[in-house]
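Q: Here it is, the structure, as structure tokens.
The values are calculated or read from the model by the stated rules, or taken from the named source; none is laboratory data. Keep in mind the model is a prediction, meaning the values are calculated, not measured. Methodologically, a virtual Cβ is constructed for each residue, glycine included, from the backbone with ideal geometry; neighbour enumeration extends over all protein chains shown.
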Amino acid sequence: MDRILEVVIAKYNYWIYIVLMMIGLYGVIAKNNLVKKIVGMSIFQTAIILFFISMGMKKGATIPIIIHGQEASVMASDYINPLPHVLMLTAIVVAVSTLGVALALAVKIHKEFDTLEEDEILEKIRKS
């Protein structure tokens, strides 16, 4: 039992991502309000970005910058892989853009239907 607890505590960041992803997924699936769905989507995206950033991290490693005049033998294991971090910068831009577009659509939907509740919007669409 102590071994299991030790493993769970050692990987606490993964549990945080799982909790964040489940909160986001719950918000997207279970809520009827469009703004709550948008917030759930944003939380889900944030959890995925945090997961990928932590996967690119190594203990005891440094940034991959070689200083001029440094010895010629460079060990790749001494450096952090910058690719996941760069890709997640792009993902952050996409997430912010998606959030902005989704909120703009929510404003337009609210002006059109006077509500942000999904079931009420669907009912008004069926009546017209």
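Q: Which numbered condition trips up SER77, out of (1) over 23 Å from the mean Cα position of the chain (by Cα); (2) closer than 30 Å to ALA95 by Cα; (3) among the polar types (S, T, N, Q)?
A: Every listed condition holds for SER77 apart from (2).
Every residue, every condition in (1) farther than 20 Å from ILE38 by Cα; (2) more than 25 Å from the chain's Cα centre (by Cα), yes or no:
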| position | (1), (2) |
| --- | --- |
| GLY60 | yes, yes |
| ILE65 | yes, yes |
| LEU87 | yes, no |
| LYS108 | no, yes |
| ASP114 | no, yes |
| LYS124 | yes, yes |
| SER128 | yes, yes |
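One line per residue, one yes/no per condition, for (1) at pLDDT 95 or above; (2) surrounded by 10 or more Cβ atoms within 10 Å (Cβ to Cβ); (3) under 29 Å from LYS31 (Cβ atoms):
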position	(1), (2), (3)
ILE65	no, no, no
ALA72	no, no, no
MET75	no, no, no
ASN81	no, yes, no
LEU87	no, yes, no
LEU99	yes, yes, yes
HIS110	yes, yes, yes
LYS124	no, yes, yes
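Q: From the list VAL107, VAL93, pick out the single residue that is under 27 Å from GLU118 (Cα atoms), outside any loop (DSSP other than H, G, I, E, B), free of Cβ contacts under 8 Å to residues at least 40 places away in the same chain and not basic (Lys, Arg).
A: Being under 27 Å from GLU118 (Cα atoms), outside any loop (DSSP other than H, G, I, E, B), free of Cβ contacts under 8 Å to residues at least 40 places away in the same chain and not basic (Lys, Arg) holds for just one of VAL107, VAL93, which is VAL107.
Listed here are the residues, each with its yes/no results for (1) polar (S, T, N, Q); (2) more than 29 Å from VAL107 (Cβ to Cβ); (3) more than 12 Å from the chain's Cα centre (by Cα); (4) loosely packed, with under 13 Cβ neighbours inside 10 Å.
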site: ILE23; (1), (2), (3), (4): no, no, no, no
site: VAL28; (1), (2), (3), (4): no, no, yes, no
site: LYS36; (1), (2), (3), (4): no, no, yes, no
site: GLY40; (1), (2), (3), (4): no, no, no, no
site: ILE48; (1), (2), (3), (4): no, no, no, no
site: GLY56; (1), (2), (3), (4): no, yes, yes, no
site: HIS68; (1), (2), (3), (4): no, yes, yes, yes
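Q: Here is a follow-up. Assess whether ALA76 counts as being small (Gly, Ala, Ser) and touching a Pro at 6+ places or on another chain (Cβ under 9 Å).
A: Details: small (Gly, Ala, Ser): yes; touching a Pro at 6+ places or on another chain (Cβ under 9 Å): yes.
It is true that ALA76 is small (Gly, Ala, Ser) and touching a Pro at 6+ places or on another chain (Cβ under 9 Å).
Q: A follow-up question, please. With the condition being in contact (Cβ under 8 Å) with a residue 60 or more places away in the chain and not small (Gly, Ala, Ser), I'd like the helices (runs of 4 or more DSSP H) fully within segment 1-79 carrying at least 3 qualifying residues.
A: 34-55
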